[in-house]
Amino acid sequence: MSAILFTNARLVDPASGREGSGSLLVTGDVIGGVHWGGGETGAPGGAEVVDCAGAVVAPGLVDLRVFVGEPGAEHRETFASAGRAAAAGGVTTIVTMPDTDPVIDDIALVDFIARRARDEAAVRVYPSASVTKGLQGREMTEFGLLREAGAVAFTEGRRTITHAGLMRNALTYARDFGGLIMHLGIDPDLHGDGVMNEGEVATRLGLPGAPKESEIVILERDVRLAALTGGRYHAASVTCAQSLDIIRRAKNEGLDVTCGASINHLSLNENDIGPYRTFLRLSPPLRSEDDRQAMIAGLADGTIDVIVSDHDPQDVETKRHPFAEAADGAVGLETMLAAALRLVHNGDVDLPTLMRAMSARPAALLGHDTGKLAAGAPADLIVLDPDEPWICDTDMLRSRSKNTPFEGARFQGAVQRTVVAGRTVSNYAL
Amino acid sequence: MNAPESPVVLTFPHRHLLGIEGLLPPDIVSLLDRADEALEFGRQVEKKKTALRGRTQINLFFEASTRTQSSFELAGKRLGADVMNMAVANSALKKGETLVDTAMTLNAMRPDILVVRHASAGAVELLSHKVSCSVINAGDGAHEHPTQALLDALTIRRRKGRIDGLTVAICGDIAHSRVARSNIILLGTLGARVRVVAPSTLLPAGIDRLGVEVHTDMATGLRDADIVMMLRLQRERMTGNSVPSVREYFHFFGLDAAKLAHAKPDALVMHPGPMNRGVEIDSDVADGAQSVIRDQVEIGVAVRMAVLEALAAHLPNA
């Protein structure tokens, strides 16, 4: 059995909130032992010994919102390219979105994703399935069978369930199977033809704005429905102070409600769109700096459960257009951790809090045993130098699409090694 | 050793004219001064100059326009350019080929100046990054229409002798108007007090942050104004979504003699055209003594000549 011993490490265990020096042994595909404090644990014969020289060893990232082009848009991203991007970015588990062509609404397709990803991707890939057949917003999919086939959650991906009665039934029926409904809701009528956040910046650019209330009203409705049904509801990507207030109230009420935030909304604001940069055209759109600050506070106080990359590969055919005609979305697997570390370097959150939202919490939402440094847990790990500077060069991205909003950005913090199930899938040193 | 003294030449320091935003007061004033000269020139029998002789100007209009396109065409021809009009709105280019592809195709034909109108904000700037010639924005979505603002400013300056200190009321569909945005920036930069007057459904969010006074009532909005600038209301906005009906809009926001009486007695009435008579403006006012709407058209040609001439100084081998 293969073994790796990470010595002289700064261990960060987000599950327990513990952080300190120590060493960690990987045995086969699991963590064999965690040794806090000085001194050495013995390595079995033949083990690879990695002197971390003070670098962080933490659980790999678990990303609940990733769009992969496969099936249907392989020119934008395949499981192989998404897997390389994830491994380079320290992401060891990704949950794929169902809005592909064909839509993932059937057990055969869930099985297809699982098999393709197992054969092609360097990291763990779990499919989500659509809530409604063909994403048409009318008939529910087979939650029970899909779950048995391996779908870890149900979501309409980019689409909103506008029909409140359908959402009620989905939450109710999914509850019986322990199914998690992940929803990104934007009221289409209120959103209208908006292409960015409504306000001064949109007005100056002459672009149609959409009010953040188009997010807020659907979230408020969904939380009421979660209360009515007792279902498991996860707001896939909240972006503003008012949405966080809704989530806070729901949690105080004891509802089974959680929320995610995209790294983009924690790192960028509407001003970053600058001269019509379409790589910063996102859904939901980037908000004001006040909202971004509220998001950071929401991350620090635990209102935000998880951070997602919202990785959405787009190519020149969909992005090289006037802003109002371009597609939404940005890639993020490779930059998520580095962008998030800015919050740590700025003193907004500490590293265990950040890692909790990027590994322990999302793993727990999936019911997985990853996201912790504990003997017997799967050996999904990263070695991270949190201070190493680098510049985001678009040409260096492993993703097949290059639509990063962080082009040319200066980052501090680089993943040196990524380990999935005891196997090194990315090694900066090599 | 000192260089020999040479006369000071006011040069326009930009290769493109993409908007009023980013221009400094001297840039604007130099264009207005140049346009003043072009205006006198245009009134002579011999109207032909040579600043653009041998140059190719392509008018690329992704959105149909009669008056702006003909104004640019005439301006280019008076400067001696070969002018070609491409109405992309009606051509096969519209579907399938992207804006950038179209730009690169045209660029391969080696034009010297592209005059571009497009329905999307930012489209002209995007195009300017992909071509090697000078680009003039003839209107991009609800963003900017710089030559319209320049011609409005010159119309005002010729009648009032100044812009600084005047009160200008811009009335109507501010939310969807590139003319409003360019004018707000230009007139504000030159020291005018700018008001916007419209029903709140036609005011964009955060407009107060652009340094304007916001009014939703014509009586207060026009009070003691020196300039009343009316905007066209697009037909699709008249019927229920932003405004309930034409008659309601005309009743509260259409410029008639009674509303105009709130402005100064010598206030000028302006409109970028084409007018909807009986919607945003009453015919009596549009054709009345205070109206300078026809002046605007003449001055438009002069302003476009001035802009073309100013950019020509940056062309290779100029």
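The values are calculated or read from the model by the stated rules, or taken from the named source; none is laboratory data. Keep in mind the model is a prediction, meaning the values are calculated, not measured. Neighbour counts are summed over all protein chains in view; Cβ atoms, including those assigned to glycine, are modelled from backbone coordinates with ideal geometry. Please note that ligands, DNA and RNA were not included when accessible areas were found on the heavy atoms of the full protein model with its side chains. Shrake-Rupley method; radii C 1.70, N 1.55, O 1.52, S 1.80 Å.
Open to solvent by less than 10 Å² (accessible area, probe 1.4 Å), away from every other protein chain (no Cβ under 14 Å), in contact with a Ser or Thr (Cβ under 8 Å, 6 or more places away or on another chain) and over 19 Å from A:Ala324 (Cα atoms): does that describe B:Ile136?
Working: open to solvent by less than 10 Å² (accessible area, probe 1.4 Å): yes; away from every other protein chain (no Cβ under 14 Å): yes; in contact with a Ser or Thr (Cβ under 8 Å, 6 or more places away or on another chain): yes; over 19 Å from A:Ala324 (Cα atoms): yes.
So B:Ile136 fits the description; yes.
Inside segment A:1-53, counting only strands (runs of 3 or more DSSP E) that do not spill past its ends, which hold 1 or more residues that are out of contact with any Ser or Thr (no Cβ under 9 Å at 6 or more places or on another chain), open to solvent by 50 Å² or more (accessible area, probe 1.4 Å) and of a type in the set (Phe, Trp, Tyr)? Reasoning before the result, please.
On the way: elements: A:3-13, A:18-27, A:30-36, A:48-51.
Fully inside segment A:1-53 and qualifying: nothing.
Out of segment B:139-155, which residues are crowded, with 24+ Cβ neighbours inside 10 Å and of a type in the set (Val, Ile, Thr)?
Answer for segment B:139-155, where residues must be crowded, with 24+ Cβ neighbours inside 10 Å and of a type in the set (Val, Ile, Thr): just B:Thr147.
Mind checking whether some residue in segment A:90-97 is in contact (Cβ under 8 Å) with a residue 24 or more places away in the chain, open to solvent by 10 Å² or more (accessible area, probe 1.4 Å) and at negative phi?
no
Checking B:Gly191 against (1) within 14 Å of chain A (Cβ to nearest Cβ); (2) outside any strand (DSSP E or B); (3) touching a Gly at 6+ places or on another chain (Cβ under 9 Å), only one condition comes out false. Which one?
Every condition holds for B:Gly191 apart from (1).
For B:Ala310, are the conditions met, namely being small (Gly, Ala, Ser), under 30 Å from B:Asp82 (Cβ atoms) and surrounded by 15 or more Cβ atoms within 10 Å (Cβ to Cβ)?
Answer is yes for this residue.
Return yes when B:Ser242 is more than 21 Å from the chain's Cα centre (by Cα), over 15 Å from B:Ala169 (Cβ atoms) and either among the acidic types (Asp, Glu) or crowded, with 19+ Cβ neighbours inside 10 Å (or both) and no when it is not.
Yes.
Select from segment B:26-70 the residues that are among the aliphatic types (A, V, I, L, M) and over 18 Å from the mean Cα position of the chain (by Cα) and write down the one among them that is most open to solvent (accessible area, probe 1.4 Å). Steps first, please.
First, pick out the residues of segment B:26-70 that are among the aliphatic types (A, V, I, L, M): B:28-29, B:31-32, B:35, B:38-39, B:45, B:51-52, B:58, B:60, B:64.
Add one more test, that the residue is over 18 Å from the mean Cα position of the chain (by Cα), and what stays is B:45, B:51-52, B:58.
Numbers: B:Val45: 144, B:Ala51: 48, B:Leu52: 1, B:Ile58: 4 Å².
Across segment B:26-70, the extreme among qualifying residues is B:Val45.
Search segment A:215-243 for residues being assigned to a loop (DSSP other than H, G, I, E, B) and not polar (S, T, N, Q), and hand back the single one that is nearest to the other protein chains (Cβ to nearest Cβ).
Among those that are assigned to a loop (DSSP other than H, G, I, E, B) and not polar (S, T, N, Q), it is A:Cys240.
Residues in segment A:238-257 that are touching a residue at least 12 places away in the same chain (Cβ under 8 Å), surrounded by fewer than 24 Cβ atoms within 10 Å (Cβ to Cβ) and not hydrophobic (A, V, I, L, M, F, W, C): how many?
Of the residues in segment A:238-257, 6 are touching a residue at least 12 places away in the same chain (Cβ under 8 Å), surrounded by fewer than 24 Cβ atoms within 10 Å (Cβ to Cβ) and not hydrophobic (A, V, I, L, M, F, W, C).
Say whether the condition of being of a type in the set (D, E, K, R) and modelled with pLDDT under 95 is met by at least one residue in segment A:335-346.
Initially, segment A:335-346 is screened for residues of a type in the set (D, E, K, R), giving A:342.
Among the residues that remain, those that are also modelled with pLDDT under 95 are: none.
Within segment A:335-346 (the criterion being of a type in the set (D, E, K, R) and modelled with pLDDT under 95), the answer is no, since none of the residues qualifies.
Out of the residues in segment B:204-230 meeting the condition of being β-branched (Val, Ile, Thr) and over 22 Å from the mean Cα position of the chain (by Cα), tell me which one is nearest to the other protein chains (Cβ to nearest Cβ).
At the first step, the residues of segment B:204-230 found to be β-branched (Val, Ile, Thr) are B:207, B:212, B:214, B:216, B:220, B:227-228.
Pick out the ones that are also over 22 Å from the mean Cα position of the chain (by Cα) and you get B:216, B:220.
Working: B:Thr216: 17, B:Thr220: 22 Å.
Among them, the one singled out is B:Thr216.
Which is over 17 Å from the mean Cα position of the chain (by Cα) and either assigned to a helix (DSSP H, G or I) or surrounded by 24 or more Cβ atoms within 10 Å (Cβ to Cβ) (or both), of B:Lys130, B:Lys77?
On inspection, the qualifying residue turns out to be B:Lys77.
Being open to solvent by 10 Å² or more (accessible area, probe 1.4 Å) and in a helix (DSSP H, G or I) is the filter here; which residues of segment A:297-315 pass it?
Hits for segment A:297-315 are A:Ala297, A:Ala300.
Mind checking which residues of segment B:163-188 are within 14 Å of chain A (Cβ to nearest Cβ), small (Gly, Ala, Ser) and in a loop (DSSP other than H, G, I, E, B)?
Residues satisfying the conditions are B:Ala175, B:Ser177.
Mind listing just one residue for me: the one in segment A:190-201 that is more than 7 Å from every other protein chain (Cβ to nearest Cβ) and closer than 17 Å to B:Ser242 by Cβ and, of those, surrounded by the fewest Cβ atoms within 10 Å (Cβ to Cβ)? Break it down stepwise before answering.
As a first pass, look at segment A:190-201 and keep what is more than 7 Å from every other protein chain (Cβ to nearest Cβ): A:190-197, A:201.
With closer than 17 Å to B:Ser242 by Cβ added as a condition, the list becomes A:190-194.
Numbers: A:Leu190: 16, A:His191: 22, A:Gly192: 15, A:Asp193: 9, A:Gly194: 18.
Among them, the one singled out is A:Asp193.
Can you pull out the residues in segment B:98-127 that are more than 11 Å from chain A (Cβ to nearest Cβ), assigned to a helix (DSSP H, G or I) and open to solvent by less than 50 Å² (accessible area, probe 1.4 Å)?
Once the filter is applied, which keeps residues that are more than 11 Å from chain A (Cβ to nearest Cβ), assigned to a helix (DSSP H, G or I) and open to solvent by less than 50 Å² (accessible area, probe 1.4 Å), segment B:98-127 yields B:Thr102, B:Leu106, B:Asn107.
List every residue pair whose Cβ atoms sit under 6 Å apart, with the two residues 6 or more apart in sequence or on different chains, where the first one lies in segment A:316-328 and is more than 7 Å from every other protein chain (Cβ to nearest Cβ) and open to solvent by 30 Å² or more (accessible area, probe 1.4 Å) and the second, anywhere, is part of a loop (DSSP other than H, G, I, E, B) and of a type in the set (Lys, Arg).
Matching pairs, first to second residue: A:Asp328/A:Arg281.
Among the residues of segment A:215-230, which ones are crowded, with 17+ Cβ neighbours inside 10 Å and touching a residue at least 60 places away in the same chain (Cβ under 8 Å)?
Within segment A:215-230, A:Glu215, A:Leu225, A:Thr229 qualify.
Which residues, taken from segment A:133-154, are surrounded by fewer than 21 Cβ atoms within 10 Å (Cβ to Cβ) and assigned to a strand (DSSP E or B)?
Matches in segment A:133-154: A:Met140 only.
Whether any residue in segment A:271-279 is open to solvent by less than 10 Å² (accessible area, probe 1.4 Å), more than 14 Å from every other protein chain (Cβ to nearest Cβ) and touching a residue at least 12 places away in the same chain (Cβ under 8 Å) is what I want to check.
There is no residue in segment A:271-279 that is open to solvent by less than 10 Å² (accessible area, probe 1.4 Å), more than 14 Å from every other protein chain (Cβ to nearest Cβ) and touching a residue at least 12 places away in the same chain (Cβ under 8 Å).
Is at least one residue of segment A:77-84 among the small types (Gly, Ala, Ser), in contact with a Gly (Cβ under 7 Å, 6 or more places away or on another chain) and buried (at least 22 other Cβ atoms within 10 Å of the Cβ)?
No, there is no match, as no residue in segment A:77-84 is among the small types (Gly, Ala, Ser), in contact with a Gly (Cβ under 7 Å, 6 or more places away or on another chain) and buried (at least 22 other Cβ atoms within 10 Å of the Cβ).
Please state which one of B:Lys160, B:Lys95 is open to solvent by 30 Å² or more (accessible area, probe 1.4 Å), within 14 Å of another protein chain (Cβ to nearest Cβ) and either more than 29 Å from B:Pro204 (Cα to Cα) or modelled with pLDDT of 95 or more (or both).
B:Lys95 is the lone residue from the list that is open to solvent by 30 Å² or more (accessible area, probe 1.4 Å), within 14 Å of another protein chain (Cβ to nearest Cβ) and either more than 29 Å from B:Pro204 (Cα to Cα) or modelled with pLDDT of 95 or more (or both).
Anything in segment B:195-216 that is within 20 Å of B:His271 (Cα to Cα), assigned to a loop (DSSP other than H, G, I, E, B) and free of Cβ contacts under 8 Å to residues at least 24 places away in the same chain? List them, or say none.
Scanning segment B:195-216 gives a single hit, B:Thr216.
Answer yes or no as to whether A:Gly332 is within 28 Å of A:Arg158 (Cα to Cα) and in contact with an Asp or Glu (Cβ under 8 Å, 6 or more places away or on another chain).
Details: within 28 Å of A:Arg158 (Cα to Cα): yes; in contact with an Asp or Glu (Cβ under 8 Å, 6 or more places away or on another chain): yes.
Here the answer is yes, as A:Gly332 does meet what is asked.
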